[in-house]
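Colleague: Have a look at this one.
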Amino acid sequence: MSDINSFFEIDYEQALTLTGFGWFHYRLLALCGLIYANTAIGITVMSFVLPSATCDFRMTSEDKGWLTAAPMLGMVVGSYFWGCLADTKGRRIVLIAALLLDGTVGLLSTTAQIFPIFMFLRFINGFAITGAMGICFPYLGEFQPTAYREKILCWMELFWTLGIVVLPCIAWLIIPLPLQFGTADGGIKFSSWNLFVALCSIPSLLLGLWLLYFPESPKFLIECGEPALALEILKDIYHINTGRDRHECPIGRLKESDRSNTIMETHNRSIRTFNIHDPKHMKILLPEIWEQTKALCSAEFRRNTALACMIQFGITTSYYTLMIWFPELFGRFEEYEKRYPNATVSVCDVSSIVLENVNDTLVDDFCGTEIDTKVYWHTLLLGIACIPTSLWLPLCVHRLGAKFFLIFSLLVAGLVTVGLAYVGNSTQNLILSCIFEALTSMGISTVYCVMVDLFPTNLRVMAAAFSLTFGRCGALLGNLMFGFLVDLNCLVPIVLFSIMLFGSAILCFFLPNTGTTALQ
């Protein structure tokens with residue numbers, strides 16, 4: 001049969017279907033899912049460093065705002081960089097580089113003894129982790145047949161939940177340990193929170209190494225003008241999924257991309273073969289990158305690009321700010337209720353703990369004070385609360401549609417955010433925080449799923465990177481704003497976050513329906 005088919009060219013979507021769906025796809029889902037879970041850990045690891053490192057770095061609320069903003073600033077800078085790189089050098093190699101950089105710098109940050117140096121290293125962590133987050137969805141999606149693509153991508157939300165659940169468990173096991181080397185007077189000081197940061201950095205290194213055993217996206221190779229190499233990868237997938245020999249694969253020849261590739265037409269070579277360290281090659285690559293960027297703003301894609309950027313900005317600003325600050329707020333609630341038992345207090349009123357301590361004496365109050373175990377438990381509950389929505393999304397996405405999940409999650413999350421200003425105790429705050437976490441995390445994962453279908457292969461990662469840049473700008477501003485206002489007037493950021501969520505929900509009505517078209 002393969003001899004007969006060798007005379008016929010078939011498109012990529014048909015070829016994917018012929019390779020079957022099996023063990024290769026399950027392994028790839030596990031890999032990309034764990035990468036996504038690792039990004040959840042990498043982004044939220046600072047939520048436990050804030051209360052734990054307060055004494056070591058003598059941090060005020062403003063300092064904590066800058067520390068949480070540093071990774072977000074790295075994400076702003078890194079999103080477009082990694083997107084351009086992934087659309088020129090390939091998804092796999094960029095994923096490997098981003099993961100290895102994140103793990104290496106994460107380990108290095110545990111030895112930082114000066115606050116600005118630690119903040120700079122966390123900036124690099126943000127720069128690296130955004131590459132992994134922005135590319136793992138397109139990389140996974142380009143291996144999936146149409147019938148499975150949307151559902152498989154939606155299962156990624158469960159892995160994000162895994163990361164949110166695992167993080168407080170690691171923190172609960174490590175941070176309370178009476179571990180401390182060195183002294184404050186000199187030498188390297190290494191505490192339990194340093195060990196916690198180190199352990200959270202190791203998965204990036206392991207995943208980067210595991211990715212070496214997976215192939216480049218065949219769809220990307222076709223776009224680069226390398227259909228022969230893409231065909232060899234598809235034969236390997238067929239062998240893994242069916243257990244049959246590669247020569248039995250019923251795929252003869254692959255159709256080349258219909259989209260014009262300036263570099264292929266002019267230089268008759270794949271864009272992947274150009275060296276970004278060679279100035280002559282960069283003179284060729286930069287105009288191509290600029291053309292791809294301009295294409296996102298062309299009449300064909302302008303509407304989708306604008307919608308993706310604005311929705312990302314609204315949901316990311318709210319989610320990443322509150323998610324990172326939740327453990328800090330839980331800790332303040334516990335401290336407040338210890339001082340004022342049976343008192344009714346809101347999220348904003350609880351900041352009176354800070355206002356009662358002038359001249360930064362709050363830092364001294366918390367020095368040597370362990371994080372209340374309830375904080376770990378409450379943060380763990382945030383992750384557990386995401387499990388029902390993580391299962392609901394992939395099981396019902398074909399029936400209800402991705403747009404439904406986006407609009408529903410953002411509208412209800414907006415209402416919950418408004419409710420945070422009216423809670424009367426830590427229990428009510430916890431319940432609303434769990435609902436907020438479950439819905440907004442589902443919304444963010446759904447946005448990534450939708451974007452795989454909104455743009456063609458040659459623009460997909462760059463479009464994701466472009467919208468992620470807007471989202472990270474919002475997260476950066478949100479963390480800075482919350483750090484400065486949480487002790488003064490936290491009602492202002494809460495109102496702004498709710499408005500952004502409502503606005504994003506309205507914008508989702510204008511998104512096209514996805515999940516039924518072939519992978520372009």
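Colleague: In whole angstrom, and with the biggest value first, how far do the Cα coordinates of region 390-460 range along each principal axis?
Modeller: The Cα atoms of region 390-460 stretch 50, 25, 15 Å along the principal axes, largest first.
Colleague: At 7 Å along Cα-to-Cβ for each site, give me the label-to-label distance between F510 and T344 in nm.
Modeller: 4.2 nm
Colleague: Right, next: Stokes-Einstein at 25 °C, 0.890 mPa s, Kirkwood radius from Cα pairs: D for region 122-183 in µm² s⁻¹?
Modeller: 166 µm²/s
Colleague: Measure off, as a whole percent, the carbon and sulfur share of the 1.4 Å-probe accessible area of region 148-219, all protein chains present.
Modeller: For region 148-219, the apolar C and S fraction of the accessible surface comes to 74 percent.
Colleague: Counting only protein heavy atoms, what percent of the accessible surface of region 41-134 is carbon or sulfur at a 1.4 Å probe?
Modeller: It is 76 percent, rounded to a whole number.
Colleague: Moving on. What's the carbon and sulfur percent of region 417-496's accessible surface, probe 1.4 angstrom, rounded to a whole number?
Modeller: 79 percent
Colleague: Further question on the same structure: Determine how large the accessible area of W23 is when every protein chain is in place; take a 1.4 Å probe and give Å² rounded to the nearest 10.
Modeller: W23 has an accessible surface of roughly 150 Å² with all protein chains in place.
Colleague: Also: What ranking of Y340, Y139 comes out by heavy-atom accessible area, probe 1.4 Å, highest first? Kindly include the intermediate steps, with their values, before the conclusion.
Modeller: Values: Y340 80, Y139 0 Å².
Per-residue accessible area, sorted high to low, gives Y340, Y139.
Colleague: Then there is this: Rounded to the nearest 0.05, what FRET efficiency do E248 and I93 have when you use their Cβ-Cβ distance and R0 = 35 Å?
Modeller: 0.70
Colleague: Full-extension gain between T111 and E232, please, as 0.36 nm times their residue separation minus the C-alpha to C-alpha distance. Show your work: numbers first, answer last.
Modeller: Values: separation 121, 0.36 × 121 = 43.56 nm, distance 4.51 nm.
Full extension of this stretch gives 39.0 nm more.
Colleague: Leaving out ligands and nucleic acids, note down the accessible area per residue over region 20-168 with a 1.4 angstrom probe, in whole Å².
Modeller: Value for region 20-168: 26 Å² per residue.
Colleague: Right, another one. Would you grab the residues whose amide H sits under 5 Å from the one on L179? Only those 5+ places off in sequence or on another chain, please, with H modelled 1.01 Å from N.
Modeller: S192
Colleague: With equal scatterers on the alpha carbons only and no solvent term, can you work out the Debye log10 of I(q)/I(0) for region 118-244 at 0.11 1/Å?
Modeller: At q = 0.11 Å⁻¹ the computed log10 ratios are -0.61.
Colleague: Could you give me the percent of Cα pairs per 10 Å distance bin for region 375-496, shortest bin first, beginning at zero and ending with the bin that holds the maximum distance?
Modeller: 12, 34, 37, 15, 3, 0
Colleague: For V423, list long-range residues whose amide hydrogen, built 1.01 Å from N in the peptide plane, is under 5 Å from its own amide hydrogen.
Modeller: Result for V423 returns V347.
The values are calculated or read from the model by the stated rules, or taken from the named source; none is laboratory data. Not measured: the values here are computed from a predicted model. Positions of Cβ are generated from backbone atoms using ideal geometry, with glycine treated the same way; all protein chains shown enter the neighbour counts. The protein model used for the area step is the full one, side chains on, heavy atoms only, and it has no ligands, DNA or RNA in it. Shrake-Rupley method; radii C 1.70, N 1.55, O 1.52, S 1.80 Å.
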